[in-house]
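One structure is given here, and the rest of the page talks about it.
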Amino acid sequence: MSWRRHTGIAVRAMVRGDLAAIGFMMFILLVVALTIDLTKWLDTVRARAEATDSPLWQVLFPYIGYRSADIVTRLLTMACVAGGFVVTLLRHQRLDDVVLAAAGASPSLRLTALLISGLLLGAVQMAGENWLRPAAVQAQVAANLGDYGNRYHNVDVGTQWVLTDTRALRATVTRGPEAQLSDLMLFDGIGQPALTHILHADTATSRGLLNVWTLEDVTIWDTAKAVPELEPKLDLALNVSAEKLRWYGIDGYYLPNDVAHVIAATDTSEATPTSADAGTALAVRKVAIFLPGIFALLGVSLASLGTQGRRLSPFRLLALATVGYLAVVSVKVFWALGIHGVLSPMLAATLPALFALTLAAFLQQYQAGYVPRPSRTTRSLP
C-alpha cells in the first residue's frame with residue numbers, strides 16, 4: 001500500500017538522517033552562540049552567584065538553559081537550511097538516491113521524509129516562539145542575568161513622550177507590575193494655534209479601568225483663567241494603557257501570548273511596545289510550525305543543484321549556500337518591516353516563508369525536468 005511505502009524503512013532512515021544533520025548543525029550554532037555570550041556575560045553570572053551566596057553552577061546552568069531556549073528558537077531555521085544542505089550532499093556521496101531509484105522508489109518518499117522532519121522540528125519552533133523563549137527571557141530578567149537582564153531588569157526607563165493629534169504627554173515611566181508615571185506633564189490642544197490646558201501631576205497610577213489613571217498633587221493651567229487650579233487627587237483618562245506601561249520597551253518577541261494579544265488590540269498611538277510589534281510576534285508564532293520544514297526543503301533543493309554527475313562543484317555550492325543564508329536573513333528583514341508597521345503583521349510573517357517555499361518548489365521542478373533548461377548549441381569542427 002502507498003501509505004506503508006511512505007512510512008517504511010527508507011522514509012524512517014531519511015527522517016533520522018535529516019534530524020541528525022539538522023541537530024548537529026543546531027548544536028554547532030548553539031555552542032558558538034553560547035561561547036560568545038558567556039565571554040561577555042560570565043562576570044555577571046559570577047557576581048549573581050556571589051550576591052546570592054550560591055555555588056557558581058547553580059546560577060550558571062539555569063542561565064545556559066535560558067540562553068539555549070532563546071538561541072534555538074532564533075537559529076533553528078538556519079540550522080534547517082544548513083542541515084538540509086549537508087544531508088543532501090552526504091546522500092549524494094553515498095548514492096542513496098540512486099539505490100532508491102533503482103528499487104523503484106519515487107521522489108515522493110524524500111518529500112514525505114522532509115514533511116515528517118519539518119513537522120517535528122516545527123513543533124519545537126512553535127513551542128519556542130510561543131512559550132519557551134518568553135518564559136526563559138522573563139526568568140533571565142527576573143534574575144538580572146546576561147543581556148536581557150541588563151536591558152530589561154531596570155524598571156525606571158526615564159522620561160518619555162506620548163503624542164496624539166490633540167495631546168502631548170511627558171512623564172517619567174516606571175514599568176513592571178507596579179507601573180506608574182511620575183512628574184507628569186499633559187499639554188492639551190497641541191493641534192490648535194495655542195494650548196488650551198496644561199496639567200502637572202507628581203504621580204499617576206492606573207485604576208485598573210481602561211486607560212483611567214489616578215493623578216495626585218495636580219496643578220491645572222487653563223489659558224482662559226489667570227489662576228491655576230489645584231487638585232489633591234484627580235481621575236483622568238490618558239492615552240496610555242497600564243498593560244503597555246507594564247511591558248514598556250520590551251520587544252514583542254519576548255511577551256507572553258496573553259499580553260501580546262492585549263497590546264496588539266490597542267491603539268497604535270500609545271506607548272511602545274506598539275501594537276504592530278506585538279501583532280507581528282503573534283503572526284510569527286502562528287506560522288512558526290511551517291518554517292523548519294520549508295527551510296529544510298530549501299536547503300535540500302539548493303544542494304541538489306551543486307552536483308555534476310558524481311562530482312561536487314565547490315564554487316557552485318558556495319554560491320548556493322549564500323542563497324540559503326540570504327533567504328534566512330530575509331525572514332528577519334520582513335519581520336522587522338512588520339514590527340515597524342511598514343507591512344501588516346501577517347504579511348510580514350508569511351511572505352518570506354512563501355518566497356522560500358516557491359523557490360524550493362521551483363528548484364524541485366527544475367531538477368525533475370519539468371522546467372525547460374537553456375539549450376546548449378554544439379558547433380561542428382571545420
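The values are calculated or read from the model by the stated rules, or taken from the named source; none is laboratory data. Only a predicted model underlies this, so the values are computations on that prediction, with no experimental measurement involved. Using ideal geometry, Cβ is built from the backbone for each residue, glycine included, and neighbour counts are taken over all protein chains shown. Accessible surface areas use protein heavy atoms only, side chains included; no ligands, DNA or RNA. Shrake-Rupley method; radii C 1.70, N 1.55, O 1.52, S 1.80 Å.
Some observations on this one:
- Positions within region 243-266 being of a type in the set (A, V, I, L, M) and open to solvent by 30 Å² or more (accessible area, probe 1.4 Å), in sequence order: Val262, Ala264, Ala265
- Members of region 49-70 found to be open to solvent by 50 Å² or more (accessible area, probe 1.4 Å) and β-branched (Val, Ile, Thr), listed by number: Thr52
- Single unsatisfied condition, Ala113 versus (1) outside any helix (DSSP H, G or I); (2) open to solvent by less than 10 Å² (accessible area, probe 1.4 Å); (3) among the hydrophobic types (A, V, I, L, M, F, W, C): (1)
- For beta carbons closer than 6 Å, sequence separation of 6+ or different chains, a first residue in region 106-117 that is under 10 Å from Asp18 (Cα atoms) and a second that is of a type in the set (Asp, Glu), the qualifying pairs are Ser117/Asp18.
- Test result for Leu305, modelled with pLDDT under 95, in a helix (DSSP H, G or I), open to solvent by 60 Å² or more (accessible area, probe 1.4 Å) and not charged (D, E, K, R): no
- For region 73-92, the tally of residues that are surrounded by 21 or more Cβ atoms within 10 Å (Cβ to Cβ) and without any contact (Cβ under 8 Å) to a residue 60 or more places away in the chain stands at 1.
- Test: Val137 is without any contact (Cβ under 8 Å) to a residue 60 or more places away in the chain, crowded, with 20+ Cβ neighbours inside 10 Å and within 30 Å of Arg74 (Cα to Cα): no
For every residue, the table says whether it meets (1) over 30 Å from Met26 (Cα atoms); (2) more than 19 Å from the chain's Cα centre (by Cα).
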site	(1), (2)
Thr214	yes, yes
Asp222	yes, yes
Glu229	yes, yes
Asp235	yes, yes
Leu238	yes, yes
Arg246	yes, yes
Val262	yes, no
Ala288	no, no
Leu297	no, yes
